[in-house]
Amino acid sequence: GRVRPSETDALKNIQKALEGVLSGKSEAESQGIYFDDATREIAEAIQSKKASDGTEDDSEDDEAPEGLKMSPQEAYDEAMRELDELIGLSTVKHDIRELASFLKVQRARADHDLPATDVSLHSLFQGNPGTGKTTVARILGRILYGLEMLEKGHTVEVDRAGFVAEYVGQTAPRSHKLVDSALGGVLFVDEAYSLVTERGEDPFGREAVQVLLKRIEDDRNKFVAILAGYPVPMQRLIRTNPGLSSRFQRTFSFPDYTADELIQIFELMCRKNEYELSTEAHAKLLAGLETLCNQSDEHFGNARLARNIFERGIRRMAMRIADIAPLTRQLLTTLEADDIDVDART
């Protein structure tokens with residue numbers, strides 16, 4: 001739901017308090033941090049734990065990425081299950097399974113002292129918004145960790161703002177730091193074509209691309225870079241730099257969802273949140289989605305559209321039933337036709 005300003009202030013207060021404790025400050029009040037009784041108890045418990053463990057130094061060990069919390073085989077099996085459960089994307093699923101099988105065979109050949117084919121894992125994800133590119137990138141990272149192609153399997157998600165700094169001389173260090181954070185995992189660059197402007201000079205974007213290309217060479221096999229975005233601009237990006245076209249030769253294409261697939265996504269959201277569609281609501285939703293799919297362009301929202309319709313639907317349902325007494329379980333869980341508002345603009 002919507003976060004109220006008072007809730008935001010309270011959360012910031014708690015964050016400051018916990019940061020003060022974790023950084024070793026014993027008197028947070030002196031920093032202007034307010035403790036209520038519950039927060040004070042948390043602070044005292046953390047300080048006591050740190051003292052008993054002998055961990056009151058300022059060590060900055062990062063939390064282990066998700067892939068390291070389970071064995072490679074467990075990570076691989078779980079990632080494959082998640083891949084299979086994704087709605088639609090049949091071609092993408094097939095291509096990833098084909099890649100996984102190829103990498104398994106190459107590893108087996110190496111184990112038998114047979115020559116293995118060197119393969120570049122850096123990829124292009126081409127598709128309109130809401131087609132699952134980020135989700136698949138996270139799954140692919142865990143699959144590669146499971147195949148022991150990556151050390152950690154985590155995913156660092158970034159766009160142009162993460163690479164490009166405001167002042168001369170800052171872009172390269174920022175870009176190197178960003179790649180460092182992705183070592184052992186996947187660097188997912190969304191709207192990657194924004195790194196290179198189509199008109200005019202863009203020395204900052206060009207510098208960021210050069211750093212990325214250099215690190216791909218210097219840290220070969222230590223991380224996987226995925227450039228993602230709309231299909232046509234992505235092709236223009238690749239043509240702007242021979243280094244990109246030679247290093248990103250693997251392309252995954254993410255098609256727009258069909259109306260039937262969007263219905264499945266909507267129904268999945270309903271099941272997860274314990275809602276259900278009435279027969280009339282289902283028919284209205286399907287008809288609206290079919291119309292939108294037939295009129296879709298590169299800005300079509302896909303899964304985001306389904307989520308927006310769902311969230312708008314439960315708000316409209318709340319307005320419809322709020323004054324009804326008693327509120328039965330059926331009223332609280334059934335979306336009716338009046339609750340469904342299919343609007344491509346939101």
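The values are calculated or read from the model by the stated rules, or taken from the named source; none is laboratory data. A quick note: this is a predicted structure, and the numbers were derived from the prediction, not measured. For neighbour counting, all protein chains shown are included, and Cβ atoms are generated from backbone atoms with ideal geometry for every residue, glycine included. Protein only, heavy atoms only, side chains kept; ligands, DNA and RNA dropped before computing areas. Shrake-Rupley method; radii C 1.70, N 1.55, O 1.52, S 1.80 Å.
Pairs linking a residue in region 290-313 that is open to solvent by 30 Å² or more (accessible area, probe 1.4 Å) to a residue that is aromatic (Phe, Trp, Tyr), with Cβ atoms under 6 Å and 6 or more positions apart or on different chains, are Glu298/Tyr230. Quick check on Ile46: is it at pLDDT below 75 and in contact with a Gly (Cβ under 8 Å, 6 or more places away or on another chain)? Against the criterion (at pLDDT below 75 and in contact with a Gly (Cβ under 8 Å, 6 or more places away or on another chain)), Ile46 does not qualify. The residues listed here are Leu244, Leu227, Leu237, Leu277; of these, the one that is modelled with pLDDT of 95 or more, of a type in the set (A, V, I, L, M) and under 21 Å from Leu124 (Cα atoms) is Leu227. For the structure I just gave you, tell me whether Ile324 is open to solvent by less than 90 Å² (accessible area, probe 1.4 Å), at pLDDT 90 or above, touching a Leu at 6+ places or on another chain (Cβ under 9 Å) and assigned to a helix (DSSP H, G or I). No: the conditions fail for Ile324. Annotation note: of Ala108, Ala137, the sole residue that is out of contact with any Gly (no Cβ under 8 Å at 6 or more places or on another chain), buried (at least 22 other Cβ atoms within 10 Å of the Cβ), in a helix (DSSP H, G or I) and of a type outside the set (Phe, Trp, Tyr) is Ala137. Residues that are within 23 Å of Ile216 (Cβ to Cβ) and in a helix (DSSP H, G or I): does region 114-121 have at least one? The answer is no; no qualifying residue exists. Say whether the condition of being open to solvent by 10 Å² or more (accessible area, probe 1.4 Å), outside any helix (DSSP H, G or I), under 18 Å from Met80 (Cβ atoms) and in contact with a helix residue (DSSP H, G or I) (Cβ under 7 Å, 6 or more places away or on another chain) is met by at least one residue in region 123-133. For region 123-133, residues open to solvent by 10 Å² or more (accessible area, probe 1.4 Å), outside any helix (DSSP H, G or I), under 18 Å from Met80 (Cβ atoms) and in contact with a helix residue (DSSP H, G or I) (Cβ under 7 Å, 6 or more places away or on another chain): present. Scanning region 206-239 for residues that are surrounded by 18 or more Cβ atoms within 10 Å (Cβ to Cβ), assigned to a helix (DSSP H, G or I) and not aliphatic (A, V, I, L, M) turns up Glu207, Arg215. Among residues of region 172-189 that are more than 19 Å from Phe248 (Cα to Cα), those with a Cβ under 9 angstrom from a residue that is surrounded by fewer than 16 Cβ atoms within 10 Å (Cβ to Cβ) and of a type in the set (S, T, N, Q), sequence gap 6+ or separate chain, pair up as Ala172/Gln210. Scanning for something modelled with pLDDT of 90 or more and either within 26 Å of Leu150 (Cα to Cα) or over 24 Å from the mean Cα position of the chain (by Cα) (or both), does region 294-307 turn up at least one residue? No.
Regarding Thr171, is this residue open to solvent by less than 20 Å² (accessible area, probe 1.4 Å) and over 25 Å from Leu99 (Cβ atoms)? Yes: the conditions hold for Thr171.
Filter region 144-168 for residues that are of a type in the set (A, V, I, L, M, F, W, C) and within 16 Å of the chain's Cα centre (by Cα) and give the result. Val156, Val158 - these are the residues of region 144-168 that are of a type in the set (A, V, I, L, M, F, W, C) and within 16 Å of the chain's Cα centre (by Cα).
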